[in-house]
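> Here it is: the structure, laid out below.
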Amino acid sequence: MARLPYIDAEHAPDRVREALEAIPPLNIFRMVANAETAFRPWLALGGALLGSLELDPRLRELAILRVARLERAEYEWVQHAPIARAAGATEDQVAAVDRGEIEDPALDAPARAVLAFTTEVVRDVRSSDEALEQGLSGREVVELLLVISHYMGVARVAETAGIELDEALGEEVVAAAARNRRG
């Protein structure tokens, strides 16, 4: 049972109701809708992170899964494991991240570098110089930092609010987030 109330579209202010009606009915969205004035901008940021980065979507999703495991965020894992597969991650790569084996041979060099960087940023806030020099452009590194920080926030909302697990909606979530990034 959630520790905070979910917002139902029919009882929400117009702008929140319109946003809720345009996206999949996930508990994370219904919870964040409590923050009425931040909800639509939060959806827009999520849409940008899921739909319009230069950062490779497979690397983005592997980083999100790493955040989910480091933060012990089951909700995030359940939603993003299918998205990672749809973005090109293999079952072996997802399983390696699940086990915390970020040097697993199933992971290619770019994935290992992104996962090492993600680990350092989550655990230490600041990455080492070695992790920063991973072959990504400056834009991709900043995008990766935004992904990591956003999903650390999602993990904290989901876990602190006690959000119940939803059925994984994968690509439907990505499509809806991209539509709403214009806020």
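The values are calculated or read from the model by the stated rules, or taken from the named source; none is laboratory data. None of the values given here were measured: they were computed from a predicted structure. We place every Cβ from the backbone using ideal geometry, glycine too, and count neighbours over all the protein chains shown. Quick note on the areas: whole protein, heavy atoms, side chains included, nothing else; ligands and nucleic acids left out. Shrake-Rupley method; radii C 1.70, N 1.55, O 1.52, S 1.80 Å.
> Looking only at the range 7-34, count every residue that is open to solvent by 50 Å² or more (accessible area, probe 1.4 Å) and either aromatic (Phe, Trp, Tyr) or under 23 Å from Leu146 (Cα atoms) (or both) and tell me the total.
Residues in the range 7-34 being open to solvent by 50 Å² or more (accessible area, probe 1.4 Å) and either aromatic (Phe, Trp, Tyr) or under 23 Å from Leu146 (Cα atoms) (or both): 2 in total.
> How many residues are touching a helix residue (DSSP H, G or I) at 6+ places or on another chain (Cβ under 6 Å) and either modelled with pLDDT of 95 or more or closer than 24 Å to Pro25 by Cβ (or both) when one looks only at the range 114-143?
Selection size over the range 114-143: 8.
> In the range 109-144, which residues are farther than 23 Å from Gly51 by Cα and either of a type in the set (D, E, K, R) or over 20 Å from the mean Cα position of the chain (by Cα) (or both)?
If the condition is that a residue be farther than 23 Å from Gly51 by Cα and either of a type in the set (D, E, K, R) or over 20 Å from the mean Cα position of the chain (by Cα) (or both), then Ala109, Glu120, Arg123, Asp124, Arg126, Ser128, Asp129, Glu130, Ala131, Leu132, Glu133 are the ones that fit.
> List the residue pairs whose Cβ atoms are under 8 Å apart, where the first residue sits in the range 126-150 and is closer than 21 Å to Leu45 by Cα, the second is among the hydroxyl-bearing types (Ser, Thr, Tyr), and the two are 6 or more positions apart or on different chains.
Leu144/Thr118; Ile148/Thr118
> Sticking with this one: For the range 140-156, how many residues meet the condition of being open to solvent by 70 Å² or more (accessible area, probe 1.4 Å) and not charged (D, E, K, R)?
So the answer is 2.
> Just wondering, is there one or more residues in the range 125-139 that are open to solvent by 60 Å² or more (accessible area, probe 1.4 Å), out of contact with any Ser or Thr (no Cβ under 7 Å at 6 or more places or on another chain) and under 15 Å from Leu62 (Cα atoms)?
no
> Name the residues in the range 35-88 that are of a type in the set (Gly, Ala, Ser), touching an Asp or Glu at 6+ places or on another chain (Cβ under 9 Å) and open to solvent by less than 10 Å² (accessible area, probe 1.4 Å), would you?
Once the filter is applied, which keeps residues that are of a type in the set (Gly, Ala, Ser), touching an Asp or Glu at 6+ places or on another chain (Cβ under 9 Å) and open to solvent by less than 10 Å² (accessible area, probe 1.4 Å), the range 35-88 yields Ala68, Ala73, Ala81, Ala84.
Residue-by-condition table, conditions (1) within 30 Å of Phe117 (Cβ to Cβ); (2) out of contact with any Gly (no Cβ under 7 Å at 6 or more places or on another chain); (3) assigned to a helix (DSSP H, G or I):
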{"site": "Leu4", "(1), (2), (3)": "no, yes, no"}
{"site": "Arg15", "(1), (2), (3)": "no, yes, yes"}
{"site": "Arg30", "(1), (2), (3)": "no, yes, yes"}
{"site": "Ala38", "(1), (2), (3)": "yes, yes, yes"}
{"site": "Leu53", "(1), (2), (3)": "yes, yes, no"}
{"site": "Arg60", "(1), (2), (3)": "yes, yes, yes"}
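> Another one. Give me the pairs, please: first residue somewhere in the range 79-90 and closer than 15 Å to Leu169 by Cβ, second residue anywhere and part of a loop (DSSP other than H, G, I, E, B), beta-carbon distance under 6 Å, and either six or more positions apart or on two chains.
These pairs meet every condition: Gln79/Ala168; Pro82/Ala168; Pro82/Gly170; Ile83/Gly170; Ala86/Gly170.
> Glu103: among the acidic types (Asp, Glu) and either closer than 15 Å to Glu61 by Cβ or part of a loop (DSSP other than H, G, I, E, B) (or both), yes or no? Step through it out loud before you land on a result.
Details: among the acidic types (Asp, Glu): yes; either closer than 15 Å to Glu61 by Cβ or part of a loop (DSSP other than H, G, I, E, B) (or both): yes.
Yes, satisfied.
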